[in-house]
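Working notes, structure below.
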Amino acid sequence: MESLQTLPPSSHLSPAALSFLDHRFHTECALADAPNFVSELQTQCAELDRALDELTRRLGAGLAAYASFSVEIHGLFGHVIDRLTALSSTVVPDEGRGEGDGKGFKEELATLAKEVARLETVRVYAETALKLDTLVGDIEDAVSYTMNKSMRKQSASQNSQEMHMLAIKTLKTTEGILTSITKAHPQWKHLVSAVDHRVDRALAILRPQAISEHRALLTSLGWPPPLSSFTSSNSDARTVNQVSNPLLSMQADLKLRYSENFFALCNLQELQRKRKARQLEGHDREVALRQPLWVIEELVNPLSLASQQHISKWIDKPEFIFTLVYKITRDFVDSMDELLQPLVDEAMLLGYSCREEWISAMVTSLTTYMAKEIFPSYISQLDEESATGTQSSARISWLHLIDLMIAFDKRIKSLVENSGILLSFDDDDIMQKISSLSIFCDRPDWLNLWAEIELDDALDKLKPDIQNENYWIKKVEGAVISSCTDDYKSPLVSNSFLRHLASVIDRCRSLPRVSLRSKFLRLAGLPIIRNFFDSILIRCQEAEGLTALTDDDAVLKVTISVNAAHYFESVLKEWSEDVFFLEMGMDEDDEGGMESNANICCEGLPESSRRVVFDDEIKKLEEFRTEWVEKISLVILRGFDAHSRDYVKNKKQWQRGEEGWTVSKALVEALNYLQSKTSVVEVGLNGRDFVGVWRSLATGIDRLIFNGILMSNVKFHRSGVDRFGSDLDVLFGVFGSWCLRPEGFFPKTSEGQKLLKLDENRVQECKAGGKKWLKENGFRHLSVTEAEKILKNRVLTS
């Protein structure tokens, strides 16, 4: 190697050169490596010379292209000037120009204007294309420079960072021009496509480089922090110490480097977002534009990998996993607000919260690990249990895991809320980002399995209550599940069903999507209601099958089931008014569920009960109550008919009085039977349904007496009319305990009695007046034919 030249005096060197030499040759050992260092500098100089030559060549080519465009534009403008000169020479005074000449002149001007506009467009296109070519060339040069630096593996992070910022700045300028072209000149799509293609190739290199440098910087900062502070002896995540945060302990120079690197990566992501927004204009952009914050992902990914060495030991102890993830999330979340959020705001990344992104990324890493390791392990245990037919702890472990996930989500939600900003947790997108239960969004088969296990667990716990007769005898005291104040006299078993159903609903609330909540409730909740319905129906059928409801115990058994159904129905209706259930109905409408709701509407449900998940079950319970209340009324009515048969068939009794009796002796037995049966039903049945029973009885008895006596050609003398009136007073007295005007519930019989009391003159007026007279005198339930028949049976002479 040729001899080295002697350095000039230090006074002749610049401060930058002196600083460089002092840094490079700070020890005597470093001086020994001077020849190699000189060779390295000469190699770098040669490469820079070649790069300079290439830039000079490209500059010359650009200038030549610009000159070519200029010559072409100059020629076009020259042609326009020639046309204008020729046109001016042909212009003559208006007095000497005919109509045909004037029309030709206007056409000439219009053609010339179009030509000028076309030339202007060509000029603008040429200038824009040249400017874009220059900008894209600068981008490619910057990317090529940083790539060469990376390949040489030299310590030039400052220069590389500057080139990255220059490239990003140029990319922003380019994107601004492309956006204006898209709006002002949409027909230039080929130019935009060509530029996008070149920019995409540059970004494909620039983004990995920027991320790689960011990762290297994080590593130099000591990220991820060591998790060795966890006690290895007992492997209990609850015994961890406070984990140090390298982001808060950075020195000034490192903090500046990290901030610049962080800002560059944020700017690059915002640039990518704007490009996507432009390219997806007119399409559904929300899904594609909303991406996790890259800088937060780069913090979470290495931390997640480091924590997996602990998590992998705790697959059978998931409570430790959730404790560890929550602690890491909590310990670093404040630094996201304090240190990183200002940088994100400065980068103008709209709609991003570092706190929310950090929590979301940590939850996503947890759910990813659970989907790969934990859930497959639990499912394999369930498959083994199903194959062997033995009862193991697999289902209990699954439910325990779900409990831990729900508790974890509640704690995570509190972390987000502690930011001081009230987030809209009704938004499914936000809930899905911060919920570990979002694992079911991509695995509906796991959701089905969870619903099946949940349902089996609830039904297994309900079996002892269903079989316990005391739960059917004892009544619910107070509003335990519902806020209803009515006393439905409901048995405890209905409360057991409602309690388990409420538990399923509470667990369902934790799911992050309305569609998932609706599906889970239909799979795990509605079968519980159907099981309740089957239980009360079987008990009623058993009571009916044994004694046809003629026995008081059988009637009481039915009243218990009716009470249970009414209480259950009232609770479901109250719950259905909650927005939680109304959202499910709206979601079904959005997914095409309007057809089923239209069918429900056609069947007569009111407007307020449409599109509610409990609609079908509420309707079944209503129909059940109506059916069995009618059966109870029908059984009592048949008994009354049997006991009053002699009374109804005795036609002679209305021709003479019965001394010593205010009521017919034949009616006494029937009324005693009626009172005894209704008192049993009144004691056993809830107040609302009992109203239906006695009203149905009143309607039936009214029909029985009217058809059996008043319409049966019975001749009524004066004494018979009085006696019939006394019988009705006693009958009305039985129903007077439940209403103020019992005669109003016996409309035809009451009006028939009034007709029998009319004197001869009034009778003649009635016969002459017909329908009009009946209405004017308050006879609104009798037809003219019926009235004439009753009056015909009245014997006016004593």
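At a 1.4 Å probe radius, carbon and sulfur cover how many percent of the accessible area of region 679-722?
Percent of accessible area from carbon and sulfur atoms in region 679-722: 53.
In whole Å, what are the extents of region 672-798 along the principal axes defined by its C-alpha atoms, from largest to smallest?
So the extents along the principal axes, rounded to whole Å, are 51, 30, 23.
Taking 0.36 nm per residue of separation and subtracting the Cα-Cα distance, what length does fully extending Lys183 through Leu52 add?
That works out to 43.4 nm of additional length.
Return the carbon/sulfur percentage of the accessible area of region 456-581, one whole number, probe 1.4 Å, all protein chains in place.
C and S atoms contribute 50 percent here.
Order the peptides 757-764, 726-733, 696-703 from the highest to the lowest mean number of other Cβ atoms within 10 Å of their residues.
696-703, 726-733, 757-764
Would you kindly find the accessible area of His643, with a 1.4 Å probe and non-protein molecules such as ligands, DNA and RNA excluded, rounding to the nearest 10 Å²?
60
On a 1.4 Å probe surface of the protein chains, which of Ile528, Ile560 comes out largest in accessible area, and what is the full order?
These residues rank, largest area first, as Ile560, Ile528.
What pairs from Lys489/Lys748; Lys475/Lys631; Lys651/Lys748; Lys652/Lys792 go past 27 Å between their alpha carbons?
Lys489/Lys748
Once a ≥ b ≥ c are taken as the square roots of the eigenvalues of the Cα gyration tensor of region 245-372, is the result rounded (a/c under 1.5), prolate (a/b larger than b/c) or oblate (a/b not larger than b/c)?
Since a/c reaches 1.5 but b/c is at least a/b, the shape of region 245-372 is classed as oblate.
So what's the gap between the Cα centers of region 532-583 and region 161-179, to the nearest angstrom?
72
Distance between Cα centroids, region 670-694 to region 638-656: provide it in whole Å.
Centre-to-centre (Cα) distance: 22 Å.
Of Lys652, Lys557, Lys665, which has the most accessible area with a 1.4 Å probe, and how do the rest follow in descending order?
Output order, biggest surface exposure first: Lys652, Lys665, Lys557.
What does the accessible area of Val116 come to, in Å² to the nearest 10, when a probe of 1.4 Å is used?
My reading of the accessible area for Val116 is about 70 Å².
Sorted by accessible area with a 1.4 angstrom probe, largest first, how do Met405, Met147 fall?
Solvent-accessible surface, decreasing: Met147, Met405.
Using a 1.4 Å probe, how large is the accessible area of Cys45, given in Å² and rounded to the nearest 10?
Counting only protein heavy atoms, the figure is 70 Å².
The values are calculated or read from the model by the stated rules, or taken from the named source; none is laboratory data. Note that this is a predicted model, so its numbers are computed, not measured. Methodologically, a virtual Cβ is constructed for each residue, glycine included, from the backbone with ideal geometry; neighbour enumeration extends over all protein chains shown. These area figures cover heavy atoms from the full protein model, side chains too; ligands, DNA and RNA do not enter into them. Shrake-Rupley method; radii C 1.70, N 1.55, O 1.52, S 1.80 Å.
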